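Here the structure is laid out as structure tokens; the discussion comes afterwards.
The values are calculated or read from the model by the stated rules, or taken from the named source; none is laboratory data. Being a predicted model, the structure only gives us computed values, none of them experimental. Please note: Cβ atoms are built from the backbone with ideal geometry, for glycine as well, and neighbour counts cover all protein chains shown. We work out accessible area using only protein heavy atoms, side chains counted, and drop any ligands, DNA or RNA first. Shrake-Rupley method; radii C 1.70, N 1.55, O 1.52, S 1.80 Å.
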Amino acid sequence: MKVTAISQLRKKRWYEKNEEYRLFLFRDVNGIFFFQTEDDIKNKKISGSLDPKWWINSRRVNR
């Protein structure tokens, strides 16, 4: 899937857990979480994961 309008997202939702930060982008109909880490942003890459464990007990932060 090619995503070209990441900068057009209305809200930049950063989450933090164990000193790791992720920018939540969206969750698709198959349950895949798409996000970017700080390194992903520098490399203009998008990561995806089916595993919701990281998101459980993460906290929303302002960045």
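Points worth noting:
- Between Asn57 and Val29, the C-beta separation translates, for a Förster distance of 30 Å, into a calculated FRET efficiency of about 0.75.
- Ranking Arg60, Arg13 from most to least accessible surface, computed with a 1.4 Å probe over the protein chains only, gives Arg60, Arg13.
- Note on Lys11 and Asp39: the model spin-label points, each 7 Å out from Cα along the C-beta direction, lie 2.9 nm apart.
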